Every structure is written in structure tokens, then in C-alpha cells.
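The values are calculated or read from the model by the stated rules, or taken from the named source; none is laboratory data. It should be emphasised that the depicted structure is a prediction, and the values quoted were computed from it without experimental measurement. Cβ atoms come from the backbone with ideal geometry, glycine included; neighbour counts cover every protein chain shown. Surface areas here come from the heavy atoms of the whole protein model, side chains and all, with no ligands, DNA or RNA. Shrake-Rupley method; radii C 1.70, N 1.55, O 1.52, S 1.80 Å.
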Amino acid sequence: MKKHVLKKTTSILLSLAVTAGMAAGCADGSGKQDGTEAAPEKKENGSAHGGPYEEELTIDVFDSQANFQGEQTGWFAKVVKDKFNMRLNIIAPNIVGGGDTLYLTRTAAGNLGDLIITNADNGRLKELVSADFVLDMSPYLDGCDTLGRHKDAIADATALAGTDGVWAVPSEISNQSATEPCDATEPTNAPSVRWDIYKKIGYPEIGTLEDMVAVLSDMQSAAKKSDTGKRVYAFSLFKDWDTDIMQNAGAISALYGYESQGFCMVKDDGTEIQSVTDLDGIYVRALRFLFQANQEGLVDPESTTQNFDSMTAKYKDGAVLYSLWPWLGRGQYNTSAHTAEGKGFATVVINDMECATYGSMPKGKLSTCIMIGSRTKDPQRLVDFIDWLYSPEGVKMGGAAAGGICGPEGLTWKMGEDGEPKLTEFGEKAFIEQLEELYVPKEWGTGTWADGVSALNYKAVGVADVDESNGICYNYLKWDDYQKKASTKLSEDWSAHYGGQTTLDYLKENGMLVVRPGSNYAAPEYEEDIQTIKEHCRAVILTNSWKMIFAEDEAEFERLLKDMQDTVNGLGYEQVLEVDMQNAKDRFAAEASK
């Protein structure tokens, strides 16, 4: 009880601290704050705090979301240089082995980065603050009107530090309802296949997940070779994103509404909690499905050694037939040239599926937050940069490619006379034709459009969010002009087959969508002894999961499954599971209130 009261009191104090720190930034949209004068206007290469940024600054960005490592180049680099006289050097764990290896290496060296993009939950923010890796932003928030409008979301995130201050800003802060999918036209998870090959074999009906093996086998036979003459596989997997479970098996589990939370598989509608080791559970079902696919020769044998980048190159080449998420295959293969021919990825229906997707998050996403390193040279400039990232201009220019970033007004789009956004000729080439060699005009910078997109891969606001000044969605995928111009043989054939305008609409209408209400619930950190047990169990679960998929036969699969169950049980798995089960129940309670 005392602990609960202390926690509640701390939360209130933190909220008051955030509010006080942002008082000058709580704008009403007109530029004036409550009872104060308007904040100074931020000019090109200028701050709200006393003139231009005279000294050029290169900042190290530790970014758990980035799929690129090195210095940001191209048109976004020019925007950042012009506005902040700053260069971004991206440090990406995903590129150097994934997991926490790089995080542990850099924290051991005493400096994680100047700008930090990582999770705040699971005790990480508390750990970073306690070890003095993260800066308190409170003294630098005066005049940051955009962040001021998000003070409640920031208060909830920063409370995870367990001490006064403003330590982190959550991603994907949304102005949409918590039960409204934070998707544009497709859910986060859905079975996405090469539609032209599926059409070629006669659009066979797929009753269950297991029925997909035969369908994909027929598709692989029909596909013959990739665009460059290489062997085609139904699945190509990778280890980069593995956490407590094998992430790619988690993507299959999501087709039935489940996602992992620790060692639990949680149904997003709040109806069920399973252990990942349950014999008849969804996770083992997903592993068995991938094993059966591999028995039929459908899984790329390089899956155990390749990373995300090398895998995506195979999608570009047409060497993979199943996309683990709709955005992956579509983004890599659905060029204008391919879709005009009716070639590309689209969602296929499994009759019993309930695809998991996420509701919008009014208080943001705690599993990805942005923070400032305590050893950075110019903290004010970085706070100003974060404030800009959350502004309408920053959202349009600095968002993630997978989030439907529309880019700079005047380059990729312009406002029409009817008050609706229209793609420019350049925008059509970038978003519809998806030309790889599309070079930006000189006045916008150097290099190609794609290479210049923000490598931060950071979504400040939700994918379905709108600019409140005009009610227009930031995401170009939802624009009428885009949807009209993007119509292709592929989309027309899909629509004719299923009779739906978009995948999201079809799944909603047919009860094939499970929406996890957006909430800022964050699981508490584990006690030290439980964390130790968890790490040992995690290693066993990941090792055996991968071995099970590539098992020689059914007998070896079952032996590896039993070995995984017996080994983790001997390590104290039930103690961790008990904590995860309670956390899942607490999560359900938090989401039910949304």
C-alpha cells in the first residue's frame, strides 16, 4: 500500500513538473500561450532562444528503430542543416546484430549518444536516468509550444524514470480515438502474398493457416525464378528483431490476434493469455507452421544468417512470395512498373483469421521514445529539434517512410484549390511510380528521394493522425488524390476479387480484425532474480525455436519442443510466467478503460 501511494505521489509530482516546465509552450494554436506572450518564432537556422545556431554540430543518434547506419544524407539532411545547422550520425543496433549488444557496449563505454531513440518501458528509462545517460529536458522547454501540447503524454512517459524531471517523449502520440486503428489502408498484420502468382494458380480458398502451406507450395512452383533468375522461396526470415520470442513466428501469431508480452502470448481483444511454451498455443502453432513450410522447401535456407537488409533485397528481386507484414512486400516490390502489370503484394484472406492491429495512442507509445543524452554539447538545440519533429512541418518532413511520410510541401505535394492535397509530378514519381533513381531538384538538396528520407525511422505522431489546422491526414496513403492516381491493375483485380475499397475496410466489415486499444500501459521492470531467470529462459526459447523450424523431421521437431519446455521449466520459467501473466492482466485493465 505504501509503495502504491508513493508511486501515485511521484506521478503527480512529475506531471506538475512537466506542466510547469512547459507552461510557456501550452499554446492554443494561435501562437499565444495561456496568459503569456506568444513564444518567439523559430526562424530558418534559428532558435526561439536567442538567434541562429552559429556552430555546426554533428550529433550521434542511437536509434533502435533505424535500418541505416551512418550520416543522414540528401534532402532531409539539408532540412536539418538549414534549420538547425546540424548533421545526424545514425547509430543503428539493427545493423550491427540486433538485440541489446550495441546498447550494452555503448553504455559500458559511458556514452549512448546525443539523441537517443529507444524504449522507456521495462525499466529502461529508469536505468538510463539512474546511470546519468539521459538529460532532464525541463530547463530547455520554454517556448517549445508543440511539446507543450503533449504534456500529458510526456508526463506519463517521464514518470517511468521514477524521479522528477522531463526525460523522454513518447512516439506516435495520436489525436485519434484509442479504439481507432492507427493504420492507413492496411492493418499492421495481415497475410500478404504475391497477388499475381496467387491469381495465376486460380485464387484458391484458404480455410486455415495450415492450408497456406499447400497454396504457397503451388505459388512457388508457378513463380519459377526471381526477376534476376534466382530461386524463389515463400518465406525469407531474419533474426534482427528477436526479443523474448522469435519475432517472425510472432508475426504469424498476429494473424490470429496475438502478440507477445514477455513469455505470454496475449489476445489483443483481452480474451486470452497463453504461455509461449503451451503445446496447443499460438506460438507453437506458428513454429509448427513454419516447420511444415520448410519441410516443403518453402523457407529460404539463408534465414538463420541474414539480416533485415539482405532479406529486403530479396523482396525487391521478387524472390519472396509471402510478406511478414503488408508494408514490407508492398514497399519493396510494388513499384509502378510492377503494379501496372498486375504484379505485387496484396492481402489474401484466411477464412478463420483475426488480424491483430493497434489502436491509436493518445498518450503515445512507450516502447519507442526519444531522449537527449546527458553528455550532449548543445541540449537546447536538440530539444528544439525534438519540438520541431512533433510540429506539422516536422511530421511531414521527418516521419518514417512506413508511416506514409508526405514530404515537403512544394516538392512532393501542393494544396489544391479545393483545399485538398494533390501530388506534384515529383510526388507521383516518388509515391506511385516509386522510382529508385528519382533525384531531388538541386534547391532541395542532393541524391535521390528515397535515400534522403529521414533515416531516424521515427513516428512522432500516429499513422492516421491529421493536421488539426486543416483536418487533413499527414499520411498521403489516405489522400483521395493519391488513391485515385494509385489505382492499378493489381489494386483493381484485388478489389474485384474481394469487393472492398481497402484491406482495412474489408477486414473491418468481415470481422477479421482485432484492435488493441491504444494505451500507455508499460510493464514494470522485473526483480533482479526474475530478470536473470528470464534471460536464461529467453536464450533457450530463441535457440530452440529456430532449430524447430529447420528440424530434419517431425520427430526432431517434437524432441526440440519438449527439450525447450523441460529446460526452461528447470530454470524457473514458471516464476517469470507468473509475473508476465499478471502484467498481461494489468494491461487488459488499462486498455479496457480507453
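Toward the positive end of the charge dipole of the chain, about the Cα centre and with charges on Cβ (Lys, Arg +1; Asp, Glu -1), which of Cys369, Val213, Tyr140 goes farthest?
Tyr140
Determine how large the accessible area of Tyr203 is when every protein chain is in place; take a 1.4 Å probe and give Å² rounded to the nearest 10.
My reading of the accessible area for Tyr203 is about 60 Å².
Calculated FRET efficiency, Asp280 and Glu527, Cβ-Cβ r, R0 30 Å, to nearest 0.05?
0.50
Evaluate E = 1/(1 + (r/R0)^6) for Arg87 and Ser221, where r is the Cβ-Cβ distance and R0 equals 45 Å; express this FRET efficiency to the nearest 0.05.
Working: r = 50 Å, r/R0 = 1.11.
E between Arg87 and Ser221, to the nearest 0.05, is 0.35.
Please identify the GluC sites (Glu not before Pro) of region 550-592 that satisfy two criteria: DSSP loop assignment and at most 14 other Cβ atoms within 10 Å. Which are they?
Glu552
Label point 7 Å out from Gln575 along Cα-to-Cβ: which residues of region 536-551 have amide N under 20 Å?
536-542
Stick to Cα atoms and the Kirkwood definition of Rh, then tell me Rg/Rh for region 435-555.
Rg/Rh: 1.10.
When averaged across all projection directions, what area in nm² does the alpha-carbon convex hull of region 269-392 cover?
Across all orientations, region 269-392 yields a mean hull projection of 13.8 nm².
Using a 1.4 angstrom probe on the protein heavy atoms only, could you order Ser519, Ser221 from most to least accessible area?
Ser221, Ser519
With the crude spin-label approximation of a point 7 Å out along Cα→Cβ, what separation in nm comes out for Ala109 versus Thr243?
2.6 nm
In vacuo Debye scattering of region 221-330, one point per C-alpha: log10 I(q)/I(0) at q = 0.13, 0.14, 0.16 Å⁻¹?
Relative scattering, expressed as log10 I(q)/I(0), comes to -0.51, -0.59, -0.75.
Which of the trypsin sites (Lys or Arg not before Pro) found in region 229-310 are in a DSSP loop and have at most 15 neighbouring Cβ atoms, other than their own, within 10 Å?
Here the trypsin sites (Lys or Arg not before Pro) that fit, given the DSSP loop and packing criteria, are Lys230.
Quick check: from the Cα gyration tensor, does region 186-242 come out rounded (a/c under 1.5), prolate or oblate?
oblate
At R0 = 30 Å, how high is the FRET efficiency between Ala214 and Glu556 if r is their beta carbon distance? Nearest 0.05 is fine. Intermediate values should be presented prior to the final figure.
Numbers: r = 22 Å, r/R0 = 0.75.
With a Förster radius of 30 Å, E is 0.85.
How much accessible surface area, in Å² rounded to 10, belongs to the heavy atoms of Arg538 with a 1.4 Å probe?
60 Å²
Can you pull the Rg over Rh of the chain, Cα-only, Kirkwood?
0.96
Filter Lys316/Lys429; Lys225/Lys547; Lys459/Lys484; Lys442/Lys484 down to the pairs with a C-alpha to C-alpha distance above 20 Å, please. Show your work: numbers first, answer last.
On the way: Lys316/Lys429 18 Å; Lys225/Lys547 27 Å; Lys459/Lys484 26 Å; Lys442/Lys484 29 Å.
In this structure, Lys225/Lys547; Lys459/Lys484; Lys442/Lys484 exceed 20 Å between Cα atoms.
Is the shape of region 481-524 best called rounded, prolate or oblate, per the rule: a/c under 1.5 gives rounded, else a/b larger than b/c gives prolate, else oblate, with a ≥ b ≥ c the square roots of the Cα gyration tensor eigenvalues?
It is prolate, given that a/c is not under 1.5 and a/b is the larger ratio.
Work out the charge dipole of the chain with +1 on the Cβ of Lys and Arg and -1 on the Cβ of Asp and Glu about the Cα centre, then indicate which of Ile252, Leu104, Val276 is farthest towards its positive end.
Leu104
Please list the helices of the chain that count as membrane-span-like by this rule: a mean Kyte-Doolittle hydropathy of at least -0.5 together with Cα atoms stretching 20 Å or more along the helix axis, each helix being a complete DSSP H run. Could you put the intermediate results ahead of the total?
On the way: long enough: 2-21 (28 Å, 0.44); 528-549 (32 Å, -0.18); 554-571 (26 Å, -0.66); 573-592 (28 Å, -0.68).
Sorted by number, the helices that extend far enough and score high enough are 2-21, 528-549.
About the Cα centre, and with charges only on the beta carbon of Lys, Arg (+1) and Asp, Glu (-1), how big is the dipole of region 522-571? Nearest 20 debye, please.
Result for region 522-571 is approximately 60 debye, rounded to the nearest 20.
Of Lys225, Lys429, which has the most accessible area and how do the rest follow, probe 1.4 Å?
So, going from the largest accessible area down, we get Lys225, Lys429.
Restricting to DSSP loop positions (anything but H, G, I, E, B) with no more than 16 other Cβ atoms inside 10 Å of their own Cβ, which GluC sites (Glu not before Pro) remain in region 262-302?
Glu272, Glu296
For region 127-226, count all C-alpha to C-alpha pairs, find those more than 18 Å apart, and express that count as a whole percent of the total.
Value for region 127-226: 67 percent of Cα pairs lie more than 18 Å apart.
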